[in-house]
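Nothing in this text is a laboratory measurement; each read-out follows from the coordinates by a stated rule. Bear in mind the structure is a predicted one, so any value in this text is a computation, not a measurement. Cβ coordinates were reconstructed from backbone atoms using ideal geometry, including for glycine residues, and neighbour counts include every protein chain displayed.
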């Protein structure tokens, strides 16, 4: 997998930590920014050139009822390095931003004196080198199409076209996971995995579970 990593002078990035959420590479994701400190973060990013608006979106390693991104709340060390591509002001001072995860990174949090939000040094994480297997990619696409049909989603033809023509193996896995997998633990496990074949296997297991659920006949109570 080839990553377009930021230069060394840009590897210290702001953190936008969220509870019960894992941003995966490959798909632009919208967020509404309402906390004052993260409004400041957005404004600081907007002051930079478009190709330098880097941030990381780690998952909070604590229950979701804790304060959003509190300074003493631990984060998962592996997250998606991302670029903020859109920031639209909303009424009341909020922002609607679009963030695109580009590659996994390991975060080393650093002190941020004078800043209302947290920072970390981001170390890009590369996948283990493995020979590409066309059969594994085909198996993943077929499993996903089967699930989409079971869900009676009419977008399967469009998915098949994009899956076979636009996405490399790693992007395909993350794109499918973004669309189908909601569980934060499962998404974090995919992000943590450095073996492409193991990542595909983990995703196939998740798809199989969803397919089994989607294929179950509706329950009907017997009448006495």
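Each Cα pair under 8 Å and six or more residues apart adds its sequence gap; the mean of these over the residue count of segment 8-124 is a relative contact order of 35 percent. Here 85, 80 are placed in order of increasing Cβ neighbour count within 10 Å, fewest first, which gives 85, 80. Extension gain for residue 100-residue 130 works out to 8.2 nm (0.36 nm per residue, less the C-alpha to C-alpha distance).
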